[in-house]
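Below is one structure, written out as structure tokens, with a few remarks after it.
The values are calculated or read from the model by the stated rules, or taken from the named source; none is laboratory data. Quick caveat, the model's predicted, so the values are computed rather than measured. As a convention, Cβ positions derive from the backbone with ideal geometry for all residues, glycine included, and neighbour counts pool all protein chains shown. Side chains are part of the model used for accessible areas, which takes the heavy atoms of the whole protein and leaves out ligands, DNA and RNA. Shrake-Rupley method; radii C 1.70, N 1.55, O 1.52, S 1.80 Å.
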Amino acid sequence: MTDRIPSANEIGDALQKVLTSTIFSRSERARHLLKHLVDKEQAGETDQLKGFCLAIDVFGRSADFDPASDAVVRVQMGRLRDLVVQYYADEGRGDPVQIILSRGTYVPSYKYNVAAHLQPEDEPASPGVAGHVSAAGAADGAAKIAFIPPEATEKVKRRSMFALAAIAVGAIAVAMALSPGLDKRQASSRWALSPIEETGSRTLYMLDDLPTVTLIAPDKSKAVQTVAMTLRRAISSFDTLSFKQDSGSGVSTGRMDFHVRLLNWPQGNEVIAELVYGPMNEVLFSRSFAYALSQKELNDRVASMMTETGPATGAIYRFLENRRLTSGVTYCISLNDAFYQMSNQTTFDAAYRCLTRAMKEGSRSPLVLSELSALIAKSVVDGYAKDDDLDFDDAVAMARKAVLRGPTSPYAHRAYGFVHAMLGQRDISEFWMKRAYELNIFDLSMAAAYGYSLINSGKYEEGKKLLGRSLIYSSAHPAWWEYSYFVGSFMTGDWTDAYNVSQLMKTSDRPRHIAAVIIMAHRNGDEEMVRRYLRKLETVEPHAIQNPELLFAPDDTRRETALLVEALREAGTGVLHSVQQ
């Protein structure tokens, strides 16, 4: 069966699964690029899948694009490969057909997922059985290694027989562990779901339980211990995780237990870090750190790894949700994250109900307080309906209580800053956002939030620096990072950065993002693009061409808003008549 080439319909279905996944929901640019690659390959137009063509067709570069000075295609393809491998290691591990993005080519290939086809139709695919898609696009014999990002080594190998044996033993152990009545703590304090929230069998733990992460670094070489020291600091900074120091007494295999295992690889002058799910010894992903990295470079690469691991958007929480192994807090935080990924009344209701219920049932977690305070503020500002009359005063009080309860919680400090930002108190917001960042410099979302608050306070250079680091080292991020970086670049007169980041927003339908594209296209002399995006803006926000202030806060008198409105008016003046025709 696997000798056959997947049909066009099967490839189309595989593409749709990826594009609608949770992992890809956070990156509109990655969805657009992947769809373009597959569509062109399926249309037989592989001659157009070259770096120069992609730069023009996908990223909006001009005909004088120079790949030597502009690495946009290489960078975005690297991030796309990263996300695709993450997807097939997690949500898509049971997909019957997989899309392969091999290094050295922009032409996608496809293969059947052997593990998925070997499973009975009424049973889910066993975790960890699917062959790993290596950076070269071939099935790796290391069945346990599920995700290796672009910069990770391809050189760490596993022996198939040992891997399969470990999986078999692990599967039996987990099956026994998940049997009713074996966990007295769970039996006595299960946080059961209401019928509205229940979507299938789910194993729940004590209300405030968090995933436990143990760092294992038995090798005492300087290279390994340097990485271990940085990772130890990073893991312990995430209040979404419970850090456990390795005592040497053996690896914990509780059902929410993970460990980061460090391996020395002298032949490659690298240290390998593997994130492992304890009960099954299943490697979720792997990263490599070169011996030659400076401490700053090591900090940045560890931040990249941990941002994809530790937050509610990270690999650990996604893994627990997909395997239906959640506590009250992890379940609520995941629902809360789903709201921010796709904000509507339905996702708001799910997150708000869960967090308020956790509060009523006695949660002591600052995460619950902080995220609930932010939702209350959002409901007041954005008009989300709820069944209670909690308002801004309650949101401020709740966020303050979260900070008092979690004095080292980055989430609590960020929420306190967020609520003050919603009240227009920029200086206070900046103070608390800075504190959140200082508590966890390894979470790029904290850096971006602090950068945004600096931009809001008119400190454009400082904010741009933090946002730039977050954009460079994250494989997926919310669109507001890009827009905030655009504002910082625009206000500091860095027209190259402003133009480049505006091109990343070309696929967005958000009016402010379209406005950014128009402003920079006009400044770059590309009047055809100006016309095209003015038409798009008129469709999305019909009154914005005549009244650009509608795209921004009408009562905001900051200089940046006035300059952006002026630039948009200037861009639209010469072509307005032809657009409206």
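Given a 1.4 Å probe and the protein chains as shown, GLU462 ends up with an accessible area of around 100 Å². Ranking of TRP265, TRP481, TRP495 by solvent-accessible surface, largest first: TRP495, TRP265, TRP481 (1.4 Å probe, protein heavy atoms only, all chains present). For ASP70 and SER109, the difference between the fully extended length at 0.36 nm per residue and the C-alpha to C-alpha distance is 11.4 nm. Residues ARG29, ARG324, sorted by accessible area with the largest first, give ARG324, ARG29 [1.4 Å probe; ligands and nucleic acids excluded]. The 1.4 Å probe gives accessible areas that order ASP494, ASP90, largest first, as ASP494, ASP90. Projected label points at SER25 and SER62, each 7 Å from Cα along the beta carbon direction, are separated by 3.9 nanometres. Spatially, region 280-346 and region 383-432 are offset by 24 Å when compared through their Cα centroids. Going by the alpha-carbon gyration tensor, a ≥ b ≥ c the square roots of its eigenvalues, is region 386-439 rounded (a/c under 1.5) or, if a/c is not under 1.5, prolate (a/b greater than b/c) versus oblate? It is oblate, given that a/c is not under 1.5 and a/b is not larger than b/c. Here MET342 sits with roughly 120 square angstrom of accessible surface, probe radius 1.4 Å. Cβ-Cβ distance of LEU550 and ASP427, R₀ of 30 Å, FRET efficiency by 1/(1 + (r/R0)^6): the value works out to about 0.65. For GLU541, the solvent-accessible surface with a 1.4 Å probe is about 60 Å², rounded to the nearest 10. Judged by the gyration tensor of its Cα atoms, with axes a ≥ b ≥ c, region 1-104 is prolate; a/c meets the 1.5 cut and a/b is the larger of a/b and b/c. Answer rounded, prolate or oblate for region 371-508, using the Cα gyration tensor with square roots of eigenvalues a ≥ b ≥ c: rounded when a/c is under 1.5, else prolate when a/b is larger than b/c, else oblate. Prolate is the answer for region 371-508, as a/c is 1.5 or above and a/b outweighs b/c.
When only alpha carbons are used to place a centre, region 48-96 and region 483-540 end up 20 Å from one another.
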